[in-house]
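A.B. asks: Here it is, the structure, as structure tokens.
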Amino acid sequence: MRNDDRETILWEGTPSQLTNLGTFVLCSFVFGLILAVLVAVSRWLRIDSPDLRKGLILVLTLGLALPILVALWKWLQVQSQRYQVTTERIFVSYGIFMRQTDEVELFRVRDVSFTQTLFLRLFSLSNLTLMTTDPSHQAIVLKAIPQARALWDRIRQHSELCRRRKGISEVDFT
């Protein structure tokens, strides 16, 4: 096997946690709201029954855990995603408790779409959508990644090389 025939990694990365910004802001707001109610209940409300007062404070204190757990879960979901593009294949791995990895041969990539919302542009991030001929993975989205334009060019270049090396040509029947 020649040295240039070996599969090498072209790019690997993860989505940006900025995809969770809305969730993090909402969770922070809910946490602050519950905390304010907790302070109000513990200081200003005059509840005659000590058991009712303790119960209400306990429920609100446990309620503080909910937005923290939601934010942590969303953070873990994004943190567990991994993208890897090699000279032969694209791998997308995800899952917190059960890991799953999807693979698509690079020669199956037929079209790449580059999307950059205003929010993503502020942070120099983009989404790449890869349309493939693989029936089980017709579209692969690489979300909120840096330097997506350069990766787009590399994927296009290497998918053409893979098709040429395998003797595959695309025929459009439209």
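A.B. asks: Where in the range 54-151 are the strands (runs of 3 or more DSSP E), entirely inside, with at least 3 residues that are on the phi > 0 side of the Ramachandran plot, open to solvent by 40 Å² or more (accessible area, probe 1.4 Å) and of a type in the set (A, V, I, L, M, F, W, C)? Even if it seems obvious, please write down each step before you answer.
C.D. replies: Numbers: elements: 82-86, 89-94, 100-105, 109-115, 125-132, 139-146.
Answer list for the range 54-151: none.
A.B. asks: Additional query: Which numbered condition trips up R154, out of (1) crowded, with 18+ Cβ neighbours inside 10 Å; (2) assigned to a helix (DSSP H, G or I)?
C.D. replies: (1)
A.B. asks: Report every pair of residues separated by at least 6 positions or lying on different chains whose Cβ atoms are under 9 Å apart, first residue within the range 16-39 and surrounded by 13 or more Cβ atoms within 10 Å (Cβ to Cβ), second part of a helix (DSSP H, G or I) and among the hydroxyl-bearing types (S, T, Y).
C.D. replies: I34/T61; L38/T61
Here is a yes/no grid of residues against (1) farther than 17 Å from E88 by Cα; (2) over 16 Å from the mean Cα position of the chain (by Cα); (3) at pLDDT 95 or above:
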site	(1), (2), (3)
S126	yes, no, yes
H137	no, yes, no
A144	yes, no, yes
R163	no, yes, no
K166	no, yes, no
V171	yes, yes, no
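A.B. asks: Quick one: in the range 40-53, which of the residues that are assigned to a loop (DSSP other than H, G, I, E, B) and open to solvent by 80 Å² or more (accessible area, probe 1.4 Å) is modelled with the highest pLDDT?
C.D. replies: Filtering the range 40-53 for residues that are assigned to a loop (DSSP other than H, G, I, E, B) and open to solvent by 80 Å² or more (accessible area, probe 1.4 Å), the one modelled with the highest pLDDT comes out as W44.
A.B. asks: Residue by residue through the range 69-118, note down the ones that are among the hydrophobic types (A, V, I, L, M, F, W, C), under 19 Å from S16 (Cα atoms) and in contact with a strand residue (DSSP E or B) (Cβ under 7 Å, 6 or more places away or on another chain).
C.D. replies: Answer for the range 69-118, where residues must be among the hydrophobic types (A, V, I, L, M, F, W, C), under 19 Å from S16 (Cα atoms) and in contact with a strand residue (DSSP E or B) (Cβ under 7 Å, 6 or more places away or on another chain): V85, I90, F91, V92, F114.
The values are calculated or read from the model by the stated rules, or taken from the named source; none is laboratory data. Everything numeric in this text was worked out from a predicted model, so none of it was measured. With ideal geometry, Cβ positions are generated from the backbone for all residues, glycine too; neighbour counts draw on all protein chains shown. Note: areas computed on protein heavy atoms with side chains; ligands, DNA, RNA excluded. Shrake-Rupley method; radii C 1.70, N 1.55, O 1.52, S 1.80 Å.
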